[in-house]
Amino acid sequence: MTYGGHGGGTYDPFGEGPFSSSSPTTQGPHRQQDPSPRNSNTAATLSLVFAFLFAPAGAVLGHLALRQIKQQPQPGRDRALVGLTLSYVFIAVAVIALAVWTLTVSGSPPRTAVGPSTTTSTMAAPIVTPSASTTVITPPAQGRPTVAVEDLRVGDCVEVQQTQPDPNYQDDQDVKIFRVGCEARDGVFRVDSISSPTNTCGGRALINRGRVIFACISPLKG
(Lines give C-alpha, C1' and ligand atoms only; values in the text may rest on other atoms or scores of the structure.)
Protein backbone atom coordinates (compact mmCIF):
# COMPACT_ATOMS: atom_id res chain seq x y z
CA MET A 1 0.00 0.00 0.00
CA THR A 2 1.27 3.36 -0.86
CA TYR A 3 0.35 6.70 0.47
CA GLY A 4 0.61 9.66 -1.64
CA GLY A 5 2.25 12.75 -0.34
CA HIS A 6 3.50 16.05 -1.35
CA GLY A 7 6.13 15.76 -3.94
CA GLY A 8 5.09 12.27 -4.87
CA GLY A 9 7.44 10.66 -2.46
CA THR A 10 6.86 7.52 -0.46
CA TYR A 11 6.68 7.30 3.33
CA ASP A 12 8.72 4.72 5.22
CA PRO A 13 6.80 3.66 8.30
CA PHE A 14 10.07 2.48 9.94
CA GLY A 15 11.96 5.60 9.28
CA GLU A 16 12.22 8.69 11.37
CA GLY A 17 9.00 10.41 12.23
CA PRO A 18 8.20 13.90 11.24
CA PHE A 19 8.96 15.12 14.76
CA SER A 20 12.20 13.23 15.32
CA SER A 21 15.37 15.22 15.77
CA SER A 22 18.35 14.67 13.62
CA SER A 23 20.69 14.54 16.62
CA PRO A 24 19.42 12.56 19.60
CA THR A 25 20.11 13.97 23.11
CA THR A 26 20.69 11.98 26.24
CA GLN A 27 19.52 13.17 29.59
CA GLY A 28 21.08 12.10 32.90
CA PRO A 29 23.03 13.37 35.91
CA HIS A 30 25.84 15.72 35.08
CA ARG A 31 29.15 15.83 37.08
CA GLN A 32 31.16 18.99 37.37
CA GLN A 33 34.90 18.38 37.83
CA ASP A 34 37.10 20.95 39.57
CA PRO A 35 39.65 21.90 36.96
CA SER A 36 42.32 22.90 39.57
CA PRO A 37 43.20 20.42 42.45
CA ARG A 38 43.69 21.96 45.90
CA ASN A 39 47.22 22.13 47.33
CA SER A 40 48.18 20.67 50.75
CA ASN A 41 48.38 22.98 53.72
CA THR A 42 51.81 24.62 53.82
CA ALA A 43 52.00 24.74 57.62
CA ALA A 44 51.35 20.98 57.80
CA THR A 45 54.31 20.30 55.50
CA LEU A 46 56.57 22.65 57.45
CA SER A 47 55.49 21.02 60.71
CA LEU A 48 56.75 17.64 59.49
CA VAL A 49 60.05 19.16 58.34
CA PHE A 50 60.71 21.18 61.52
CA ALA A 51 59.90 18.17 63.71
CA PHE A 52 63.40 16.91 62.79
CA LEU A 53 65.13 20.30 62.63
CA PHE A 54 63.65 22.18 65.61
CA ALA A 55 60.90 20.32 67.43
CA PRO A 56 59.30 23.32 69.23
CA ALA A 57 58.77 25.09 65.89
CA GLY A 58 57.33 21.87 64.44
CA ALA A 59 54.79 21.67 67.29
CA VAL A 60 53.70 25.29 66.76
CA LEU A 61 53.33 24.79 63.01
CA GLY A 62 51.36 21.57 63.56
CA HIS A 63 48.80 23.33 65.76
CA LEU A 64 48.61 26.20 63.27
CA ALA A 65 47.99 23.79 60.37
CA LEU A 66 45.21 21.95 62.20
CA ARG A 67 43.48 25.23 62.98
CA GLN A 68 43.72 26.41 59.36
CA ILE A 69 42.41 23.08 58.03
CA LYS A 70 39.51 23.21 60.46
CA GLN A 71 38.56 26.72 59.34
CA GLN A 72 39.06 26.04 55.59
CA PRO A 73 39.16 22.32 54.68
CA GLN A 74 42.15 21.35 52.59
CA PRO A 75 44.53 18.37 52.35
CA GLY A 76 47.35 17.99 54.87
CA ARG A 77 45.62 17.07 58.13
CA ASP A 78 47.42 13.70 58.42
CA ARG A 79 50.73 15.38 57.71
CA ALA A 80 50.09 17.97 60.40
CA LEU A 81 49.24 15.24 62.94
CA VAL A 82 52.44 13.32 62.15
CA GLY A 83 54.57 16.46 62.42
CA LEU A 84 52.87 17.42 65.70
CA THR A 85 53.37 13.94 67.20
CA LEU A 86 57.04 13.71 66.20
CA SER A 87 57.71 17.21 67.55
CA TYR A 88 56.31 16.33 70.98
CA VAL A 89 58.23 13.02 71.02
CA PHE A 90 61.53 14.76 70.26
CA ILE A 91 60.81 17.45 72.88
CA ALA A 92 60.10 14.80 75.53
CA VAL A 93 63.31 12.91 74.69
CA ALA A 94 65.34 16.13 74.92
CA VAL A 95 63.83 17.04 78.31
CA ILE A 96 64.53 13.56 79.75
CA ALA A 97 68.12 13.60 78.45
CA LEU A 98 68.69 17.04 79.98
CA ALA A 99 67.30 15.90 83.34
CA VAL A 100 69.52 12.80 83.38
CA TRP A 101 72.58 14.85 82.48
CA THR A 102 71.83 17.39 85.24
CA LEU A 103 71.44 14.65 87.86
CA THR A 104 74.65 12.99 86.72
CA VAL A 105 76.67 16.19 86.89
CA SER A 106 75.26 17.26 90.26
CA GLY A 107 75.78 13.78 91.76
CA SER A 108 79.46 13.45 90.78
CA PRO A 109 81.92 14.43 93.53
CA PRO A 110 84.01 17.52 92.78
CA ARG A 111 87.51 16.81 91.57
CA THR A 112 90.32 18.31 93.58
CA ALA A 113 93.94 18.43 92.63
CA VAL A 114 96.12 16.33 94.87
CA GLY A 115 99.67 17.46 95.25
CA PRO A 116 102.55 16.46 97.46
CA SER A 117 102.03 17.48 101.04
CA THR A 118 104.00 17.19 104.19
CA THR A 119 102.28 16.10 107.36
CA THR A 120 103.64 15.84 110.83
CA SER A 121 102.17 13.73 113.54
CA THR A 122 102.60 13.88 117.23
CA MET A 123 101.84 11.12 119.64
CA ALA A 124 99.24 12.11 122.17
CA ALA A 125 100.14 11.57 125.75
CA PRO A 126 98.28 8.63 127.26
CA ILE A 127 95.17 9.59 129.15
CA VAL A 128 94.75 7.93 132.49
CA THR A 129 91.11 7.46 133.40
CA PRO A 130 90.57 8.39 137.01
CA SER A 131 89.13 5.76 139.27
CA ALA A 132 88.16 5.67 142.88
CA SER A 133 87.93 3.58 145.98
CA THR A 134 84.97 4.79 147.69
CA THR A 135 87.07 7.18 145.82
CA VAL A 136 88.56 8.75 142.67
CA ILE A 137 92.07 8.36 141.29
CA THR A 138 94.28 11.43 141.41
CA PRO A 139 97.06 12.09 138.87
CA PRO A 140 99.71 9.37 138.93
CA ALA A 141 102.82 9.72 141.02
CA GLN A 142 105.97 10.48 139.09
CA GLY A 143 107.68 7.32 137.91
CA ARG A 144 105.04 4.94 139.27
CA PRO A 145 101.99 4.30 137.07
CA THR A 146 98.55 4.00 138.54
CA VAL A 147 95.78 1.74 137.34
CA ALA A 148 92.15 2.66 136.68
CA VAL A 149 89.18 0.84 138.16
CA GLU A 150 88.03 -0.06 134.65
CA ASP A 151 91.27 -2.06 134.12
CA LEU A 152 91.04 -4.17 137.25
CA ARG A 153 90.20 -7.88 137.07
CA VAL A 154 89.18 -10.38 139.71
CA GLY A 155 92.32 -11.74 141.45
CA ASP A 156 94.46 -8.62 140.85
CA CYS A 157 96.42 -7.28 143.80
CA VAL A 158 96.59 -3.52 144.25
CA GLU A 159 98.02 -1.03 146.66
CA VAL A 160 95.69 1.77 147.66
CA GLN A 161 97.00 5.09 148.94
CA GLN A 162 94.52 7.61 150.27
CA THR A 163 95.13 11.22 149.32
CA GLN A 164 92.22 13.40 150.46
CA PRO A 165 88.48 13.25 151.13
CA ASP A 166 86.23 13.30 148.06
CA PRO A 167 84.51 16.74 148.06
CA ASN A 168 81.43 15.31 146.35
CA TYR A 169 80.83 12.33 148.65
CA GLN A 170 81.31 12.68 152.39
CA ASP A 171 82.24 9.04 153.13
CA ASP A 172 84.56 8.58 150.14
CA GLN A 173 88.27 9.22 149.72
CA ASP A 174 90.31 10.18 146.68
CA VAL A 175 92.95 7.49 146.28
CA LYS A 176 95.76 6.30 144.06
CA ILE A 177 95.70 2.67 142.90
CA PHE A 178 98.91 0.83 142.00
CA ARG A 179 99.10 -2.69 140.62
CA VAL A 180 101.46 -4.76 142.83
CA GLY A 181 102.46 -8.34 143.45
CA CYS A 182 100.21 -10.36 145.72
CA GLU A 183 102.10 -10.20 149.01
CA ALA A 184 100.61 -9.73 152.45
CA ARG A 185 101.46 -6.25 153.76
CA ASP A 186 99.70 -3.09 154.77
CA GLY A 187 97.85 -1.27 152.03
CA VAL A 188 97.69 -4.28 149.66
CA PHE A 189 94.24 -5.55 148.63
CA ARG A 190 92.92 -8.33 146.42
CA VAL A 191 90.11 -7.70 143.93
CA ASP A 192 87.36 -10.17 144.86
CA SER A 193 84.67 -9.22 142.33
CA ILE A 194 83.56 -6.56 139.85
CA SER A 195 79.98 -5.26 139.86
CA SER A 196 78.14 -2.79 137.65
CA PRO A 197 76.20 -0.55 137.62
CA THR A 198 75.27 -0.73 141.31
CA ASN A 199 77.46 -1.36 144.33
CA THR A 200 76.93 -4.90 145.59
CA CYS A 201 80.13 -5.00 147.62
CA GLY A 202 79.63 -5.82 151.27
CA GLY A 203 82.84 -4.09 152.37
CA ARG A 204 85.37 -1.85 150.68
CA ALA A 205 85.07 -0.93 147.04
CA LEU A 206 87.01 0.97 144.41
CA ILE A 207 84.64 3.13 142.31
CA ASN A 208 85.34 4.87 139.03
CA ARG A 209 84.51 8.52 138.36
CA GLY A 210 81.16 7.75 136.78
CA ARG A 211 80.23 5.56 139.76
CA VAL A 212 79.10 2.72 137.51
CA ILE A 213 81.97 0.22 138.02
CA PHE A 214 82.68 -1.16 141.49
CA ALA A 215 85.68 -3.36 142.30
CA CYS A 216 85.08 -5.17 145.61
CA ILE A 217 88.39 -5.51 147.51
CA SER A 218 89.58 -7.06 150.74
CA PRO A 219 92.95 -6.88 152.55
CA LEU A 220 95.42 -9.50 151.36
CA LYS A 221 96.25 -11.93 154.16
CA GLY A 222 99.25 -14.20 154.20
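Quick notes
- Residue check, LEU220 in contact with a Cys (Cβ under 9 Å, 6 or more places away or on another chain), farther than 16 Å from VAL149 by Cα and surrounded by 13 or more Cβ atoms within 10 Å (Cβ to Cβ): yes
Quick grid of which residues meet (1) out of contact with any Ser or Thr (no Cβ under 8 Å at 6 or more places or on another chain); (2) at pLDDT below 80:
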residue: ALA141; (1), (2): yes, yes
residue: THR163; (1), (2): no, yes
residue: PHE189; (1), (2): no, no
residue: ASP192; (1), (2): no, no
residue: PRO197; (1), (2): yes, yes
residue: ASN208; (1), (2): no, no
residue: CYS216; (1), (2): no, no
residue: PRO219; (1), (2): yes, no
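- Filter result for PRO110 (more than 20 Å from ARG209 (Cα to Cα), modelled with pLDDT under 80, under 57 Å from the mean Cα position of the chain (by Cα) and part of a loop (DSSP other than H, G, I, E, B)): yes
- Flag for PRO130 being over 17 Å from SER195 (Cα atoms) and at pLDDT 85 or above: no
- Considering the range 173-199, the residues that are in contact with a strand residue (DSSP E or B) (Cβ under 7 Å, 6 or more places away or on another chain) and assigned to a loop (DSSP other than H, G, I, E, B) include one that is nearest to VAL149 (Cα to Cα), namely SER196.
- Considered as a group, the residues in the range 200-209 that are in a loop (DSSP other than H, G, I, E, B) and within 56 Å of the chain's Cα centre (by Cα) include one that is nearest to VAL147 (Cα to Cα), and that residue is ARG209.
The values are calculated or read from the model by the stated rules, or taken from the named source; none is laboratory data. A quick note: this is a predicted structure, and the numbers were derived from the prediction, not measured. Positions of Cβ are generated from backbone atoms using ideal geometry, with glycine treated the same way; all protein chains shown enter the neighbour counts.
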